[in-house]
Amino acid sequence: MASLPRVRAVVLGAVLLLALVELGLSCALLQATAGLETVSLTHTILALAAAAFTILVVVPLLVLAGVRPGGPASSLAAELPLLGLCAVLWLAAGGATAHALGDTDLWAYGYTPYCARAFVAVARGAFPAICAQTRALAAFAFVIGVLLVGYLAMRVALAVRRKQPVWTTSVGGRADRAKAQGGGPGPALAQA
């Protein structure tokens, strides 16, 4: 499949771009709510950690794939645990942020959820912007999580369908290029 390296580059590039957006949103939200004592920001810190971890994982995967196509960095054994952990972190961040947006347990303890419609309608200052940033944080976290889960499901399905060793199947390896050119395994693989 000749387009698999392009699909990988597009998906990981989009994930990297959205992770940078999430990093900026998380930092802006933490800065905007620095003086507020009644606002719990564990969801924002989780999104910040997920963004930092995703950037630390995706950049080397993309760079190593460019330096050495078909190398171990693009194998399923390397991508599945790393990108799987990123997907879990993003889905957890999206869930925690969505829970914070609609947390009705706070009403019982005398706190107003900081994005409740009744509260935002009378709020002045930064609260409407904080609520919009929190909603964007949840949306981008879910989009990144779904992108990663979809990409990993596609990689596993294609690796199993090819009837090759599943864990060592890489994107854009030498065998894939030789098959695309219409030849056999190529001189380097035939001698091995």
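The values are calculated or read from the model by the stated rules, or taken from the named source; none is laboratory data. Being a predicted model, the structure only gives us computed values, none of them experimental. Glycine gets a Cβ as well: all are built from the backbone with ideal geometry, and neighbour counts include every protein chain shown.
Being aliphatic (A, V, I, L, M) and more than 18 Å from M154 (Cα to Cα) holds for only one residue in L80, L16, L76, and it is L16.
Pairs linking a residue in region 75-101 that is among the β-branched types (V, I, T) to a residue that is buried (at least 19 other Cβ atoms within 10 Å of the Cβ), with Cβ atoms under 7 Å and 6 or more positions apart or on different chains, are T97/H43; T97/A47; T97/T134; T97/L137; T97/A138; T97/A141.
Please pick out the residue among A65, A98, A93, A87 that is modelled with pLDDT of 75 or more and within 13 Å of L152 (Cβ to Cβ). Break it down stepwise before answering.
Details: A65 fails: within 13 Å of L152 (Cβ to Cβ); A98 fails: within 13 Å of L152 (Cβ to Cβ); A93 fails: within 13 Å of L152 (Cβ to Cβ).
The match here is A87.
Checked against the criterion of being part of a helix (DSSP H, G or I), among the hydrophobic types (A, V, I, L, M, F, W, C) and modelled with pLDDT of 80 or more, region 121-131 contains not a single residue that satisfies it. When you go through (1) part of a helix (DSSP H, G or I); (2) at pLDDT below 80; (3) among the small types (G, A, S); (4) under 27 Å from G150 (Cβ atoms) one by one for G70, which number turns out not to apply? All conditions pass for G70, except number (1).
Does L29 satisfy the condition of being more than 17 Å from the chain's Cα centre (by Cα), part of a helix (DSSP H, G or I) and modelled with pLDDT of 85 or more?
Values: more than 17 Å from the chain's Cα centre (by Cα): yes; part of a helix (DSSP H, G or I): yes; modelled with pLDDT of 85 or more: yes.
Yes.
Entry remark, region 58-78: residues being within 30 Å of L29 (Cβ to Cβ) and in contact with a Lys or Arg (Cβ under 9 Å, 6 or more places away or on another chain) number 2 in total.
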